[in-house]
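Please treat every number below as a calculation from the coordinates, not as lab data. In this text, all values refer to a predicted model and were calculated from it rather than measured experimentally. Because the Cβ atoms are built from the backbone with ideal geometry, glycine has one as well, and the counts that use them run over all protein chains shown.
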Amino acid sequence: MTTVRTRFAPSPTGYMHIGGMRTALFNWLWARHNNGVFILRVDDTDRERNVEEALGPILQAFKWLGLDWDEGPEVGGPHGPYFQSERDDLYKAGVEKLLAEGKAYHDYDTPEQIKADREEAQKEKKQYINIRRSLELTEETRKQYEDEGRPSVVRFLIPRDQKVEINDEVRGHVEWDAGLISDPVIQRTDGSCLYNFATVVDDASMNITHVIRAEEHLSNTPTQVLLHQALGNTLPTFAHIPFVTAPGTTKKLSKRDLSKYKNNPNFKKMFDRADQVFPLIGLGDSETLNPVMVEYYERIGYLPAAVLNSLSRTGWSLDDKTEILSLDTVVKNFTLDRVVKNPAGLDPDKLFSFQGHWMGELSLDEKIDGCLPYLLKAGILNEAEAVSKRAFVGQVVESLGDRLKLFADILDVAYFFQDEIEYSEKDFKKRVAKEGVPELLTTYRERVAALDEFNAEQLEALLKGLCEEKEVSGGLLIHGLRISTTGSPVGPGLYDCLLLVGKENVLKRIDTAVARANSM
Ligand code: GLU
């Protein structure tokens, strides 16, 4: 039986697109499901960029998600090199073979001639198909052109008298009329080869059995099929998967539309969170890292399991109801026939709920390990404190319970680790600097100071007793206390907060808050 070999062929763009990651995941899943081989190949024919730098975030995305590759950058393999920029010799040999067999030709047409042909076709309302003028040249003229040093490209001679057919694993039977396909340039005047050709050479020489890629490449497929046939290659099986759409839309998720996403009700929360969190940890804001990029999810504290759960279900499903899926379960069950044909939307709310589930599966130690980097990067703890205060971080994490959804959420309760707290101005005015509250807080403070045991039961009994005595609602004191002692409306239950802040600090913080309220 042939071994299943899939590949993901990213261009080094400097970031990993979350939709691209879904394509990569489906390739990885299909390889793993079949005990096959998954290959990473770098489409770096655009040599303008610094490839290493631009590839870094892409490889990091795979590493973070735990998607390993069997052949490719860093690991090598028997079919290398795995960078298109280093495979020129193979492409050139392919071009020579096609030229020698009369399946490709030098085209001496100038850009002006081609432009005129296009305009002519447009005028006649016909689809433009290149005119094979260079095929008609006499040997003499051709020689003359060569002697003059006239530039030429190499075009593949499309066998136009046939249909091209594939059975796509997702889209089913697809056919094209080769008579409508222009002869594609496979080699530029400078000798470099183009994507459509390089991809065919690579897929064949790497024995790729399944080309699983985004549906926008379906239009390249007839040309690639004809090239495979001309080169005498075994055809891979194609599976064109639907693109990932922006939440609640039918449009492909794209970095170009970022400004729109900030107002998309399904997406906004993710951008807002980036703008809250990233500045605190020195990572810019949603302009630099946004949810189109895989790095966003890593840096804001999503779990790989949650992102994989969500991506697996973007365009694929196990059945109609199973939502929570471990990667193992998906590997076991992944088949291409369950990939949908329609665009599949990224669903931030679903992802968030998966995150809640997978966070719940973590041990306390794993949660602490996930939170500590945030406290360190935000300068809330130093390296030594990260060790000495580990148990305390654990207590804070436990008190948050399932309120801790993203690791970055630990920054919402920075007040447990800081000497000076920052008040949310709005909440301070509403909850502390309010008629009767400073007096109530002062009395509560005095009674707390006199407590011989500082525990939740005592603190609660005190609070209830005082509110009954003064005939005010418990909420008045509860909210006042929370804002006075933490500065923030967000956090664990009030008594957990007070215990974590500690008796001495509770007294001190109430004093500060009351003085502040009285001076307003
Ligand atoms: N570099 C291409 C892309 O990023 C690869 C396309 C393919 O898989 O053939 O879209």
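Taking H as built 1.01 Å from N, whose amide H comes closer than 5 Å to the amide H of Ile186, not counting residues under 5 places away?
Val154, Arg155, Phe156
Any idea what Rg and Dmax come out to for the range 171-262 if you just take the C-alpha atoms, in Å?
16.2, 50
Please state the shape class of the range 1-149: rounded when a/c is under 1.5, otherwise prolate if a/b exceeds b/c and oblate if not, all from the C-alpha gyration tensor.
Working: a/c = 2.40, a/b = 2.05, b/c = 1.17.
It comes out prolate by the Cα gyration axes.
Going by a ≥ b ≥ c, the root eigenvalues of the Cα gyration tensor, does the range 93-180 fall in the rounded group (a/c under 1.5), the prolate group (a/b larger than b/c) or the oblate group? Present the calculation step by step, with values, prior to reporting the outcome.
On the way: a/c = 2.82, a/b = 1.45, b/c = 1.94.
Cα axes put the range 93-180 in the oblate bin.
Roughly how big is the chain's charge dipole about its Cα centre, with Cβ charges of +1 (Lys, Arg) and -1 (Asp, Glu), in debye to the nearest 20?
1080
Can you list residues from other chains, or at least 5 along the same chain, whose modelled amide H is less than 5 Å from the amide H of Thr237?
The list, which skips near neighbours in sequence, is His210, Val211.
Treating the beta-carbon of each Lys and Arg as +1 and of each Asp and Glu as -1, no other charges, what is the dipole magnitude of the range 459-520 about its Cα centre, to the nearest 20 debye?
On the way: 7 positive and 7 negative charges, 49 e Å.
Using Cβ point charges on Lys, Arg, Asp and Glu, the range 459-520 gives about 240 debye.
P(r) for the chain: what percent of alpha-carbon pairs falls in each 10 Å bin, starting at zero?
3, 15, 20, 19, 14, 10, 8, 5, 3, 1, 0, 0
Which distance in Å, rounded to a whole number, links the C-alpha centroids of the range 1-38 and the range 178-202?
24
Calculate the FRET efficiency for Leu283 and Lys434 from the Cβ-Cβ distance with a Förster distance of 51 Å, rounded to the nearest 0.05.
After rounding to 0.05, the efficiency reads 0.85.
For the range 262-316, would you read off the P(r) tail past 16 Å as a percentage of all alpha carbon pairs?
Values: 652 of 1485 pairs.
Here the long-distance tail beyond 16 Å is 44 percent of all Cα pairs in the range 262-316.
In 5 Å bins starting at 0, how do the alpha-carbon pair distances of the range 388-520 split up by percent?
Taking every Cα pair in the range 388-520, the percentages come to 2, 11, 22, 23, 21, 13, 7, 2, 0.
Shape of the range 470-520 from its Cα gyration tensor (a ≥ b ≥ c, root eigenvalues): rounded if a/c is under 1.5, otherwise prolate when a/b > b/c, or oblate?
oblate
Any of Lys123/Lys341; Lys255/Lys350; Lys389/Lys434; Lys269/Lys426 with alpha carbons more than 27 Å apart? Name them for me. Intermediate results must be reported in sequence, preceding the final value.
Values: Lys123/Lys341 36 Å; Lys255/Lys350 21 Å; Lys389/Lys434 36 Å; Lys269/Lys426 21 Å.
Listed pairs above 27 Å: Lys123/Lys341; Lys389/Lys434.
Please work out the ratio of the alpha-carbon Rg of the range 347-389 to 2.2 N^0.38 Å and round it to two decimals. Working shown, then result.
Working: Rg = 13.3 Å, N = 43, 2.2 N^0.38 = 9.2 Å.
The reported ratio for this selection is 1.45.
Determine, for each peptide in 244-254, 147-157, the mean count of other beta carbons within 10 angstrom over its residues, then list the peptides with the highest first. The partial results should precede the final answer.
On the way: 244-254: 17.9, 147-157: 15.9.
Highest-to-lowest ranking by the protection proxy: 244-254, 147-157.
Given contacts defined as C-alpha pairs under 8 Å and at least six residues apart, what's the relative contact order of the chain, whole-number percent? Don't skip to the answer; put the middle values down first.
Numbers: 750 pairs, mean separation 61.7, N = 520.
For the chain, the relative contact order is 12 percent.
What is the dipole size for the range 138-193, taken about its Cα centre, with +1 at each Lys and Arg Cβ and -1 at each Asp and Glu Cβ, in debye to the nearest 20?
Values: 8 positive and 13 negative charges, 21 e Å.
The dipole magnitude comes to about 100 debye.
Could you list, bin by bin from short to long, the percent of Cα-Cα pairs of the range 1-89 in 10 Å steps?
Calculated over all Cα pairs of the range 1-89, the distribution is 17, 52, 27, 4, 0 percent.
Where does the chain land at 222 nm, in deg cm²/dmol rounded to the nearest 500, when only DSSP H runs of n ≥ 4 count, each adding -39500 (n - 2.57), divided by all residues? Could the numbers behind the result be given before it?
Values: 22 runs with 243 residues, N = 520.
Value at 222 nm, helices only: -14000 deg cm²/dmol.
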